[in-house]
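Notes for the one structure printed next.
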Amino acid sequence: MTQQALFTSDGRNADAALLDLAETQHGVVGRDQALALGLSEDGWRRRARNPGWEPVSPRVIRRRGSPSTDHQRARAACLDLGPDAYLSHESAAALWRLPGYWLMPLQVIVVRGHRTSSGLATVHLPRHLPEPFAAVLHGIPVVRPGLVLLELANGMHPEQLRRRLDWLWSRRLVSGPTLRRELDHVLHQGRPGTAALRELLDSLPADYVPPASGLESRFQQIVADHDLPPMRRQVDLGDDEQWCGRVDFRAADVPLVVEVQSDLYHRALSSQADDAARRSRLEAAGFTVTEVDELEVWHRPAEVAAHVRRAYWDALRRAAA
């Protein structure tokens, strides 16, 4: 017997819509999503028995033939627990590529959800969360790096905690100011790890700069190899009235800012609106702002050097005008 054709609220074929959705979610689709597209409960059960799909759990189906990966399992675990589920703890640390952590076994927090257990992951029910606390990375909802650090801090040796902070900070995933801003109302709630992280932040000098990341080191090498003007790394810009932010590099002798963008991390944490506002603040303060991306830095150093040299001369002309 053929299955009844169903259509979404915007007139699309529901089966085609499920396939389109699966393509963006590592090959998996959740029951809640299917119902939102217009399938009935019976329609959902019949799709789960369709030869083109296979059940991962009673609430998640997997497209047959899609690659079976840890990322797929992570997305399925979040879908299994509903729209307010996010990868967390050690699993989130692994997704952000923090060294020493593995995605599996999966750890997930559930916020405001009525599902509190899953056969796909260990579930945590947080009492206090910062705002914002979540992002999307590799198509998977995940807690932000600041909250990951707080989740890992409980029982960790202070030096280990500092090394993890340095790693995240050097990749512009966190900084002292952003951690204090994002975690302010939870750092005094008495939850595990808050005291250790608060003590670490309080111990850092105001001008603290973590060791350079591999990406920043590579850019510094390009500056040296191509005889570019000297650049200062990780510089706070602003005045007593407004802090513009900490930038990756600033030319030592002209008002030029160079941001070295890691696509993997930067796009997961920053919206286009946030980026535009930050750039506007820097330009209003008199800086020329230019960006180079990760691929160029690692594989096209001559192009990076030419790009930065043009930006330098542009900044010099603006400063002299």
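The values are calculated or read from the model by the stated rules, or taken from the named source; none is laboratory data. No experiment lies behind these values; they were computed from the predicted model shown. Cβ sites come from the backbone with ideal geometry, for glycine too, and all protein chains shown count toward neighbours.
Annotations for the structure displayed:
- The single residue among 41, 23 that is modelled with pLDDT of 90 or more, out of contact with any Gly (no Cβ under 8 Å at 6 or more places or on another chain) and not aliphatic (A, V, I, L, M) turns out to be 23.
- Test result for residue 84, in the same structural domain as residue 152 (by TED's automatic domain parsing), among the charged types (D, E, K, R) and out of contact with any helix residue (DSSP H, G or I) (no Cβ under 8 Å at 6 or more places or on another chain): yes
- Annotation for the stretch 105-116: at least one member residue is without any contact (Cβ under 8 Å) to a residue 24 or more places away in the chain, surrounded by 18 or more Cβ atoms within 10 Å (Cβ to Cβ) and either within 26 Å of residue 171 (Cβ to Cβ) or not hydroxyl-bearing (Ser, Thr, Tyr) (or both).
Yes/no per residue for (1) over 16 Å from residue 133 (Cβ atoms); (2) surrounded by fewer than 16 Cβ atoms within 10 Å (Cβ to Cβ); (3) under 18 Å from the mean Cα position of the chain (by Cα):
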{"residue": "179", "(1), (2), (3)": "no, no, yes"}
{"residue": "183", "(1), (2), (3)": "no, no, yes"}
{"residue": "194", "(1), (2), (3)": "no, no, no"}
{"residue": "215", "(1), (2), (3)": "yes, no, yes"}
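- Residues in the stretch 100-118 that are assigned to a loop (DSSP other than H, G, I, E, B) and of a type in the set (A, V, I, L, M, F, W, C) were compared, and the one that is farthest from residue 72 (Cα to Cα) is 111.
- The stretch 28-43, subset crowded, with 21+ Cβ neighbours inside 10 Å and of a type outside the set (A, V, I, L, M), residue farthest from residue 87 (Cα to Cα): 31
Residue by residue, here is whether (1) part of a loop (DSSP other than H, G, I, E, B); (2) over 20 Å from residue 94 (Cβ atoms) holds:
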site: 156; (1), (2): yes, no
site: 160; (1), (2): no, no
site: 188; (1), (2): yes, yes
site: 209; (1), (2): yes, yes
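- Some residue of the stretch 164-175 being among the aliphatic types (A, V, I, L, M), crowded, with 20+ Cβ neighbours inside 10 Å, under 30 Å from residue 249 (Cα atoms) and free of Cβ contacts under 8 Å to residues at least 40 places away in the same chain: yes
- Looking across the stretch 69-100, the residues that are surrounded by fewer than 18 Cβ atoms within 10 Å (Cβ to Cβ) and within 21 Å of residue 155 (Cβ to Cβ) come down to 99, 100.
- Residue 158 more than 19 Å from residue 109 (Cβ to Cβ), modelled with pLDDT under 95 and not hydrophobic (A, V, I, L, M, F, W, C): yes
- Residue 132 vs. criteria surrounded by fewer than 20 Cβ atoms within 10 Å (Cβ to Cβ), within 20 Å of the chain's Cα centre (by Cα) and either outside the structural domain of residue 96 (by TED's automatic domain parsing) or under 29 Å from residue 233 (Cα atoms) (or both): yes
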